[in-house]
1. Could you check the stretch 147-190 and list, in sequence order, the residues that are charged (D, E, K, R) and under 21 Å from Ser211 (Cα atoms)?
2. For the structure I just gave you, tell me whether Gly29 is more than 27 Å from Tyr128 (Cα to Cα), more than 29 Å from the chain's Cα centre (by Cα) and surrounded by fewer than 20 Cβ atoms within 10 Å (Cβ to Cβ).
3. So which residues in the stretch 180-215 are aromatic (Phe, Trp, Tyr) and out of contact with any helix residue (DSSP H, G or I) (no Cβ under 9 Å at 6 or more places or on another chain)?
4. Is the stretch 271-293 home to any residue that is assigned to a loop (DSSP other than H, G, I, E, B) and either within 18 Å of Lys415 (Cβ to Cβ) or touching a Pro at 6+ places or on another chain (Cβ under 9 Å) (or both)?
5. Within the stretch 403-431, can you find the residues that are charged (D, E, K, R) and over 18 Å from Gly202 (Cα atoms)?
6. State yes or no: is Leu341 surrounded by 19 or more Cβ atoms within 10 Å (Cβ to Cβ), among the aliphatic types (A, V, I, L, M), out of contact with any Leu (no Cβ under 6 Å at 6 or more places or on another chain) and in contact (Cβ under 8 Å) with a residue 60 or more places away in the chain?
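The values are calculated or read from the model by the stated rules, or taken from the named source; none is laboratory data. Here the structure is a predicted model, which is why all the values come from computation and not from measurement. Quick reminder, even Gly has a Cβ in these numbers, built from the backbone with ideal geometry, and neighbours come from all protein chains shown.
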Amino acid sequence: MALLLRYSTLLILSVTVVDSQLEVTIRTGTIRGFSKTLNGKTVNEYLGIPFAKPPVGNLRFAKPQPASRWEGVKDATSYGPACMQRPNPFGFPNPKKISEDCLTLNVFVPDTPGVKAVMVWIHGGGYYTGGSFHYDFTEFAARGDIIVVSLNYRLGPFGFLSIDGANAPGNLGLWDQIEGLKWVQNNIGAFGGDPKKVTTFGESAGGSSISQLALTAKAKGLFHRFIPQSGSAWADWTWSTEKAATLSLRIGDILGCHAGETERSKLLDCLRKKTAERFLDASIVATIGVPGTLHYSAEVDGDMFPESLSDMFKNPDSEVIQHFRSLDCLGGFTDGEAAILIHDIDNGITPAELRDKFIPDVAKHVAPGHKAEIENVLMKEYYNNAANRYDTANRYVDILTDWDLAGPVAILTDKHVSPGGGSTYLSPHNV
């Protein structure tokens, strides 16, 4: 009841006004936003601003191109459509509208004097679902007196299709994020923001994305601090394997786009001619029978990432590692987060089930060549044969949280620490 009353009070105190004076001219044209007043603090908001050309036609599966100029005043009072995606399994609201023409961002500006620091939000969703529409940063911007930018990026096979380096190099979703950060550097001054004080922050796949961007020379100079939350480049699910390339070929087969090893460009030409809806449907069918749900993510492509993480850190004096460690980093996670990923233990599990089924399954994925050793470690750390069904289920949640979300963030901060480098913080939360 208290929560309901608090929420009702916020609704009463929040007023939205569309004001013709809220026009801002950026490099590509003029936009008109609106203002919100929350608890006496006003935030000017500009939503659905294109930061890249629509990635359609020949630009499907291509790196993003800067947005074109427009004439007149562009309305910026509503979020743009989310990028193409399948329904999410996490219980979050699915977008009301999806489109290939989705590369837009949103700017939340406190109506107070002075040049402001900037925070850029990268949403999560396993690289295949989600969008900036999920997040209203009005109160965040007002309380912090900072400018907040949130953006969309291509997802799933639209953003991470991988066939070969020359034709479909992968990592397009990350290239979209870089294009959005370039937009911030070029345009945030028009909103009163300081392009020299940019912090990226993100959760889950958003957290892993910003840590990956901290590890590529392609994003150097675009941000100065990063806050990875419950996700980092050290989680195994953040890097694609040969599975992504295999799925890409399966999609082609489903759509009748057949090509041999030397005809990959023809395959892409064929895929570009399919509607976004047909391509999305085929990508869903292609995953039937394929274990897991995270089929697309970043990859070592020889361009954005010339080498693997392990190879990067073999040379701590390299330009990439020196830059990574020069940034300020605040990593964070919350206990029990993996509960959102598990759908079959609502009634709890027995200690025997944890021992005989769940722990062996985790060990198999953690280190296939060292399954027995990993099982022994997990049994020692998490197993309690006297626990009840629900406590035992929580133990399983702890295993997955530590492996998929919390542990990778802790490893990131450990790798980040360096004498003379940027500040490093780790902020675990218990609920």
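1. Once the filter is applied, which keeps residues that are charged (D, E, K, R) and under 21 Å from Ser211 (Cα atoms), the stretch 147-190 yields Arg154, Asp176, Glu179, Lys182.
2. no
3. Passing the criteria: Trp183, Phe191.
4. Yes; the residues of the stretch 271-293 include at least one that is assigned to a loop (DSSP other than H, G, I, E, B) and either within 18 Å of Lys415 (Cβ to Cβ) or touching a Pro at 6+ places or on another chain (Cβ under 9 Å) (or both).
5. Selection gives Asp414, Lys415.
6. No: the conditions fail for Leu341.
Matching residues to (1) farther than 16 Å from Gly407 by Cβ; (2) without any contact (Cβ under 8 Å) to a residue 12 or more places away in the chain:
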site	(1), (2)
Asp303	yes, no
Glu307	yes, yes
Leu327	yes, no
Ala363	no, no
Gly369	yes, yes
Glu373	yes, yes
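To keep it simple, each residue is scored yes or no on (1) in the same structural domain as Gly202 (by TED's automatic domain parsing); (2) buried (at least 19 other Cβ atoms within 10 Å of the Cβ); (3) under 26 Å from the mean Cα position of the chain (by Cα).
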site: Glu381; (1), (2), (3): no, no, no
site: Asn385; (1), (2), (3): no, no, no
site: Thr401; (1), (2), (3): no, yes, yes
site: Tyr425; (1), (2), (3): no, no, yes
site: Asn430; (1), (2), (3): no, no, yes
